[in-house]
Amino acid sequence: MTTPKKRTRKPAATKALVPVPRIRSRVLNTAGGKLSDVVPIRGASQQIPMEVIDKSAHETIIPPLGSNSFEDLTALLIDSADFAAIVEQESTDVAGLGWHLDPIDQDQPMDEGEITRAMTLLAAPQRSMLMGEILMLGEVIKRAIMDYLVLGNGWIEVIRQNNDPSRPPSGFAHAPGVAMRLRSNLYGHVMLSLETNKYAFFRTLFSDPKDERSNDPRTGEPLNEMIYFKRYSPGSPWYGVPRIVPAMRAIKGTVLSAERNIRFFLNRAMPEWTIILTGETDNISDENYMQMETDITEYMRNVVRGDDYRTFLMTMPTGISVKFEKVNIDVNDSSHQQYRKDNRDEIMRSYGMQPNRIGIIETGNIGSGSGESQIEVYKSSTIKPMQEMVERQINAILHANEPAGLGLKTVNFKFDEIDSIDEAREASIANMLAQTGWLTVNEGRAYASQFLKIHLDPIEEPWADLPMQIVVPQLTTLMEPMASLQEEAGSFRAGLSPLGTPQLGGGVPGLTPLERNVVVPSMAIDKAYRRLRERQAEVATNGA
């Protein structure tokens, strides 16, 4: 988890630079009133409830791929290094890059008291029930996302103060997906133990704790809630089905091809041979013939095991000869290399994974686009939907009225996103806009704030809304040497937060292209203007 940061309202003077936001759908915030105050109440669905047919012990629904399918799916992580790398990287990209708090309304600041309450719930260490692990919220969510990617389902337990359903939430805990099942009454979840006589029940999020169907069937007591994620599949109305299912044959094929190559090396890196005995066997008794065949077979078995230091002597009867023939002539240690690559690509396509994210560097792919465009597609089509899926659930808890939630009205939970900004390109664009007269001083400061993740306050003067091309020449004589300004910009940047890797060339090492082309000129104009005002004040004073 990274330290949450407040988002500062963008100044009105810079609206011309910032693109007009598109209208986006978002979860309605009903913390301040009824749902009917936001949208009209619609009629109820008339769909018939689907009957649960596949039931097992402890009142659970059998997963769509079979009772032991969750265990079989997790075994794929051991069989396929590519699949394991994809699951690890995607779960990290979703929940492992940090999170922050955002205002619900970008035009209104977050309430300080609500920020404190949200941080008390979200930033506190979460204790796991397994081996007493202490996890942060990002790690809890990452594990649930790993379950979601491998099993098609993920669970996070919501813990309330003193386990009292009349108290607000106080923490979260990851529930291992391989042990989780849905209750057959569709009103909760069941955690199974390795011992068949041990299990635990949970209710659905925000369900009525007074509803008997949501209570523990053994004691009638209220249960903890579960946040539940599933990847919908048309063939399973209750459970989700992971994306790896269509590519399971690719994993199996890769495993078989690898085992085949292993057998080749275990066979002393020699092809398989056929030993042929030819000649007249009428003068050989059946007992002697079988003994001769057994001796040859036993010797070859010892060679395969590595006991090839032995000497094998055999006296062949008159008229009998031994012939060795290769079974496969063209065998080498890279057999099926292209086949395994095709299988790897099939798994990556199933999960929308980019090769470079899991350490695969490929060159010369026509039509693949630039690296930045690929990561943008990956971020928007693969990662962003999963982040929004989790954000909806967390924000529902933050916004729901007490005691179901915290009843917050100004705070949103949001994941940090993958940084795919090409700073060199942005610097080139900013420089072009400034030189052609499109970029004003305040627009340049807003541009830098947006991409460098620092806030530069607008200059509240009319000239700051003029193009840089006009303002800069008028203040050139008042500017300090650019090197000193670059040093100051580097110190200013270092005091806020790291903004990427050091860039070489031009100015002070460590400044990014955007800082050199936008921040430093903006600071120069700011300083020059202040000096100009000071001189004007001196003239006015002396004249008086």
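So between residue 537 and residue 429, what do we pick up on full extension, going 0.36 nm a residue minus the alpha carbon distance? Spell out each step's value before the answer.
Values: separation 108, 0.36 × 108 = 38.88 nm, distance 3.75 nm.
Gain in length upon complete extension: 35.1 nm.
The base-10 log of I(q)/I(0) for the stretch 139-191, evaluated at q = 0.17, 0.18, 0.20 Å⁻¹, reads -0.60, -0.66, -0.77 [Debye formula, identical scatterers on Cα atoms, solvent excluded].
Remark: the residue 206-residue 163 segment gains 14.1 nm on full extension, using 0.36 nm per residue and subtracting the alpha carbon distance.
At R0 = 35 Å, how high is the FRET efficiency between residue 68 and residue 276 if r is their beta carbon distance? Nearest 0.05 is fine.
Numbers: r = 46 Å, r/R0 = 1.33.
Computed FRET efficiency for residue 68 and residue 276 comes out at 0.15.
How much FRET efficiency would the formula 1/(1 + (r/R0)^6) give for residue 116 and residue 213, where r is the Cβ-Cβ distance and R0 is 30 Å, rounded to 0.05? In this case the efficiency is close to 0.25. In this structure, the residue pairs whose Cα-Cα separation is over 26 Å, taken from 230/384; 142/341; 210/414; 198/252, are 142/341; 210/414; 198/252. Once both labels are positioned 7 Å from their Cα atoms along Cα-to-Cβ, the gap between residue 356 and residue 297 label points is 5.8 nm.
How big is the stretch 112-157 by the Kirkwood estimate over distinct Cα pairs, in Å?
Details: mean 1/r = 0.0847 Å⁻¹.
Answer for the stretch 112-157: a Kirkwood hydrodynamic radius of 11.8 Å.
Extension gain for residue 75-residue 257 works out to 63.7 nm (0.36 nm per residue, less the C-alpha to C-alpha distance). Among the chymotrypsin sites (Phe, Trp or Tyr not before Pro) found in the stretch 187-254, those both in a DSSP coil and sparsely packed, with 14 or fewer other Cβ atoms within 10 Å of their Cβ, are 206, 232.
Which loop-located trypsin sites (Lys or Arg not before Pro) does the stretch 214-249 contain, where loop means any DSSP state but H, G, I, E or B and the Cβ has at most 10 other Cβ atoms within 10 Å? Spell out each step's value before the answer.
Details: sites: 218, 230, 231, 243, 249; in loops: 218, 231, 243.
Here the trypsin sites (Lys or Arg not before Pro) that fit, given the DSSP loop and packing criteria, are 218.
Here, each number is a calculation from the coordinates, and none is a lab measurement. As the structure is a prediction and not an experimental result, all values here were calculated from the model. Using ideal geometry, Cβ is built from the backbone for each residue, glycine included, and neighbour counts are taken over all protein chains shown.
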